[in-house]
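Here the structure is laid out as structure tokens; the discussion comes afterwards.
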Amino acid sequence: MRWTSTFIPTLKENPADAEIISHQLLVRAGLVRKLTGGLYTFLPMGLRALRKIEQIVREEMNRAGAIEVFMPALQPPDIWQQSGRYVSAREVLYKVRDRANKEWLLGPTHEEVITTLVAGEISSYRQLPRNFYQIQTKFRDEIRPRFGLMRAKEFIMKDAYSFDVSDEAAQASYQKMYDAYTRIFRRCGLRAMAVEADTGVIGGKFSHEFMVPAASGENEVVYCESGQYAANIEKAASRGPVIPTPQADSGAALEKFPTPGVVTIEALSRAPHHVAPHQQIKTLVYVVESKLALVLLRGDDQLNEAKLAGALGTNQLRPATADEIAPVLGAHPGSLGAIADTLKGEAASLPVYADEALRGAGGMTTGANEDGHHFRHVRIERDIRVTRWADLRTVQAGELCVASGQPLKVRRAIEVGHVFKLGTKYSEKLNALYLDESGTQHPCVMGCYGIGVTRTLQAVIEQSHDKDGIVWPLSVAPFEVCITPLSVAPNSPVMQCAERVYAALIEAGIEVILDDRDDRPGVKFKDADLVGFPLRVAVGEKSLARGEIEIKPRGGAVNPVKIESAVEAVRKWIETARAELGMGMAQSR
RNA sequence: CGGAGCGUAGCUCAGCCUGGCAGAGCACUUGGUUUGGGACCAAGACGUCGCAGGUUCAAAUCCUGUCGCUCCGACCA
């Protein structure tokens, strides 16, 4: 490819609407352009990189035995009604109407479609297991699209769905995908970690997210440096708070005391009260399936909504508003508590969910359900009627790892992949059933496995760049080599040499772009760095006079090489780099 | 959905407070000089100041509405 015959609109300045570095580089390097918020056009360099990732995904999925299909993006609402997600996923569903005013959905995912397919086509254990995948555009009405391709209204996803005869078989399918994902992200040059993920209301322990550590990530990951434990913060457990919960009990009776104007944990910890946060019981009020519930945590802990949802088996929950709370509890947020004697009337029957960290707590302080008052000397088993104990708190950095006993760390990360054991939720509702050897009917046991392809592209940039621009891993670079002749006059020795090298590299099966623009060298060098080609070959008069041209890896030093051996030197460099990323392995099978 | 900020040339932005000729840099066009890390000189072209309404002799500027973009929030009582 010649630079002048493609389209690479680079920018000197950062676009005003890009916040994070990968988004800025995506635009500056001429990979994408925004149509409007959350919708992007892929330009030639962006598209080439995207196709590289897709191809890696495809090769590894095929290798793992998955079968590629292509499903409609436009879907009928009735299968979503059938699965129950027409309601539960309504916030993210784009709906459109045809000329007859019939409603259609733009698919945010494809469980309903694939399960319908399998329901119609598979009826025997002899036809299982099967794993279907596709690489397709998904549509989601995101609450807030942001960070370029990271969270968009429309994005490309690889989604796979496995169908098995049993839990054990499904587990094997799951493991195959887990292994494939590990290989995929490694081949993309990404340092990704698999972490245990929240399984939501479905439960079970078979869910892992593949996370790329990055400060701009929207997820938080808890991990142990021993490598024995890593989990999404929504799921993470530990051996408990660093400061133990006070258990000592003086036998003192409950004592109400005035706390005018004190409505936060922090305020109560200051003068004149001096009650440390870990000696307080925080009382939250939630609306769970449209009924109020009290949630108790230690004052220095934070509720993990995913854990609450998991414990209660529903995701129909939200914090109650002050207007909903006051009439029932008789006080406003900041003075709330769960002391049995203070819960009058309707409040007395509210369920109380308490975090495990509060077990056995004594000498605690909590709100009195009377504005401007708190209780001290609270002993939880004596004073509070706990409906149910559960792990509800968010793990904090420094707590000890359940596996290794070492302190846990917390860092932000980008979720690029998710593997999930679904069970029979969809197969039951959409009748994906099979007959076993004895002629008995069972629902298929399903798994689903997603990779955000467009997000992965941006994650690569987020993880691999420097002050000059993108530093592509060879496997996903739009071109492997950029040849930069410092003069482009057709008959000049410089251009003629560049053309010869260009032709020879193409012949050698290397993806190469020739920067034939009639621009100053500085401009071309800057652009080559910005777009991030892994290897640059510069041809200039000075080095040519010595019979040399220059090879420079992105981010590395310039190496002069004799013209005769230049092509071989490039070939060797590329082959070594390809081998490091495990490229070509799939083809060799 | 709540809050905040921003919409002015293709891009990045100034001008708005305090109403009075539409601006700069980059990019673009032409000519010249340059040519190993985003050149220089000269001349030029480029605008529905997001849109609609209002106030005013006069609106990019003030007011109202609306649309769009960005950020924060939508647990931490």
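The values are calculated or read from the model by the stated rules, or taken from the named source; none is laboratory data. Since the model is a prediction, treat every value here as computed from it, not as a measurement. Note that each Cβ is placed from the backbone with ideal geometry, even for glycine, and that neighbours are counted across all protein chains shown. For the accessible areas, the whole protein counts, side chains as well, though only heavy atoms, and no ligand, DNA or RNA atoms are used. Shrake-Rupley method; radii C 1.70, N 1.55, O 1.52, S 1.80 Å.
Below, the figures for the structure above:
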{"read-out": "Residues within segment A:385-397 that are more than 16 Å from RNA strand B (Cβ to nearest atom) and either open to solvent by less than 80 Å² (accessible area, probe 1.4 Å) or touching a Ser or Thr at 6+ places or on another chain (Cβ under 7 Å) (or both), tallied", "value": "2"}
{"read-out": "Of all residues making up segment A:305-320, the number that are within 7 Å of RNA strand B (Cβ to nearest atom) and not hydrophobic (A, V, I, L, M, F, W, C)", "value": "3"}
{"read-out": "Residues within segment A:22-58 that are of a type in the set (Phe, Trp, Tyr) and either modelled with pLDDT of 95 or more or away from RNA strand B (no atom under 16 Å from the Cβ) (or both), tallied", "value": "1"}
{"read-out": "Test for A:Gly362: is it part of a loop (DSSP other than H, G, I, E, B) and more than 11 Å from RNA strand B (Cβ to nearest atom)", "value": "yes"}
{"read-out": "Unmet requirement for A:Thr314, which otherwise passes all of (1) modelled with pLDDT under 90; (2) under 30 Å from A:Glu220 (Cβ atoms); (3) assigned to a helix (DSSP H, G or I); (4) not acidic (Asp, Glu)", "value": "(3)"}
{"read-out": "Out of A:Arg546, A:Arg520, sole residue that is of a type in the set (D, E, K, R) and without any contact (Cβ under 8 Å) to a residue 12 or more places away in the chain", "value": "A:Arg520"}
{"read-out": "Among (1) open to solvent by 60 Å² or more (accessible area, probe 1.4 Å); (2) of a type outside the set (A, V, I, L, M); (3) within 17 Å of A:Gly452 (Cβ to Cβ) - the single one A:Thr137 does not satisfy", "value": "(1)"}
{"read-out": "Number of the exception - A:Gly452 against (1) closer than 30 Å to A:Ala215 by Cα; (2) not assigned by TED's automatic domain parsing to the domain that holds A:Arg183", "value": "(2)"}
{"read-out": "Listing of strands (runs of 3 or more DSSP E) fully contained in segment A:99-214 that carry 1 or more residues being of a type in the set (Lys, Arg)", "value": "A:130-139, A:154-164"}
{"read-out": "A:Val501 open to solvent by 50 Å² or more (accessible area, probe 1.4 Å) and closer than 25 Å to A:Thr10 by Cβ", "value": "no"}
{"read-out": "Verdict on A:Ser88 being closer than 28 Å to A:Thr314 by Cα, hydroxyl-bearing (Ser, Thr, Tyr) and open to solvent by 30 Å² or more (accessible area, probe 1.4 Å)", "value": "yes"}
{"read-out": "Residues located in segment A:264-289, provided they are more than 9 Å from RNA strand B (Cβ to nearest atom), closer than 17 Å to A:Ile339 by Cβ and in a strand (DSSP E or B)", "value": "A:Ile281"}
{"read-out": "Unmet criterion (only one of (1) in contact (Cβ under 8 Å) with a residue 40 or more places away in the chain; (2) touching a Pro at 6+ places or on another chain (Cβ under 9 Å)) for A:Thr424", "value": "(1)"}
{"read-out": "Index of the failed condition, A:Ala252 passing every other in (1) assigned to a loop (DSSP other than H, G, I, E, B); (2) under 17 Å from A:Ala338 (Cα atoms)", "value": "(2)"}
{"read-out": "Identity of the residue in segment A:452-473, open to solvent by 10 Å² or more (accessible area, probe 1.4 Å) and more than 16 Å from RNA strand B (Cβ to nearest atom), that ends up nearest to A:Gly509 (Cα to Cα)", "value": "A:Pro473"}
{"read-out": "Residues of segment A:1-21 classified as near RNA strand B (Cβ under 7 Å from one of its atoms) and of a type in the set (Gly, Ala, Ser), total", "value": "1"}
{"read-out": "Single residue of A:Arg85, A:Arg140, A:Arg99 found to be within 21 Å of the chain's Cα centre (by Cα) and basic (Lys, Arg)", "value": "A:Arg140"}
{"read-out": "Any chance A:Gly398 is assigned to a loop (DSSP other than H, G, I, E, B), among the small types (Gly, Ala, Ser), in contact (Cβ under 8 Å) with a residue 60 or more places away in the chain and not assigned by TED's automatic domain parsing to the domain that holds A:Glu305", "value": "yes"}
{"read-out": "Qualifying residues in segment A:516-542 (those that are near RNA strand B (Cβ under 10 Å from one of its atoms) and in a loop (DSSP other than H, G, I, E, B)) - the one most open to solvent (accessible area, probe 1.4 Å)", "value": "A:Arg520"}
{"read-out": "Checking A:Ala545 against (1) near RNA strand B (Cβ under 10 Å from one of its atoms); (2) surrounded by fewer than 14 Cβ atoms within 10 Å (Cβ to Cβ); (3) closer than 17 Å to A:Ile510 by Cβ, the condition it does not meet", "value": "(3)"}
{"read-out": "Odd one out for A:Asp301, checked against (1) modelled with pLDDT of 85 or more; (2) open to solvent by 30 Å² or more (accessible area, probe 1.4 Å); (3) within 13 Å of RNA strand B (Cβ to nearest atom); (4) over 19 Å from A:Ala340 (Cβ atoms)", "value": "(2)"}
